[in-house]
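Each remark here refers to the structure printed beneath this line.
The values are calculated or read from the model by the stated rules, or taken from the named source; none is laboratory data. Since we're looking at a predicted model, the values are computed, not measured. Because the Cβ atoms are built from the backbone with ideal geometry, glycine has one as well, and the counts that use them run over all protein chains shown.
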């Protein structure tokens, strides 16, 4: 008589649903950490570029003042010639120069409280005040 052996189940060579979920969760955690680190460096770079752009824009205002005799009443006068302005040899700036790296307009006061004119970089939030990358910087600092 021939004996039959009961069929043995062989485990298939694949991943279980639980193993797949664990890998997906770990990838999500790693991706979150990477995005946070890169995002912080982007803000740091933009803030540093804003400082440099503030200094450059200050020189453009001074150049305008040397040609015309007084600083401009507003920053737009660096781009387009004001009416009844003798000595204007511009444009002194491009329209994109009047916005900081975060896309906010620079603050400008003429006459200034700290000098003949005040230029202000309002930081990441574009609002007066703040700390860190939201802190304001002026051309007098």
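Quick grid of which residues meet (1) touching a residue at least 24 places away in the same chain (Cβ under 8 Å); (2) over 30 Å from residue 43 (Cα atoms); (3) out of contact with any helix residue (DSSP H, G or I) (no Cβ under 8 Å at 6 or more places or on another chain); (4) surrounded by fewer than 16 Cβ atoms within 10 Å (Cβ to Cβ):
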| residue | (1), (2), (3), (4) |
| --- | --- |
| 73 | yes, yes, yes, yes |
| 93 | yes, no, no, no |
| 96 | no, no, yes, yes |
| 100 | yes, no, no, no |
| 119 | yes, no, no, no |
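Could you tell me how many of the residues in the range 121-141 are over 15 Å from residue 58 (Cβ atoms), in contact with a helix residue (DSSP H, G or I) (Cβ under 7 Å, 6 or more places away or on another chain) and not in a helix (DSSP H, G or I)?
So the answer is 3.
What pairs come out if I take residues in the range 13-30 that are part of a helix (DSSP H, G or I) and pair them with residues that are modelled with pLDDT under 90 whose C-beta lies under 9 Å away, six or more apart or interchain?
Listed by first residue and then by second, the contacts come to 23/15.
Mind checking which residues of the range 45-67 are in contact with a helix residue (DSSP H, G or I) (Cβ under 7 Å, 6 or more places away or on another chain) and either loosely packed, with under 14 Cβ neighbours inside 10 Å or more than 18 Å from residue 100 (Cβ to Cβ) (or both)?
64
Among the residues of the range 100-125, how many are farther than 23 Å from residue 68 by Cα and in contact with a strand residue (DSSP E or B) (Cβ under 8 Å, 6 or more places away or on another chain)?
Summing the residues that are farther than 23 Å from residue 68 by Cα and in contact with a strand residue (DSSP E or B) (Cβ under 8 Å, 6 or more places away or on another chain) in the range 100-125 gives 5.
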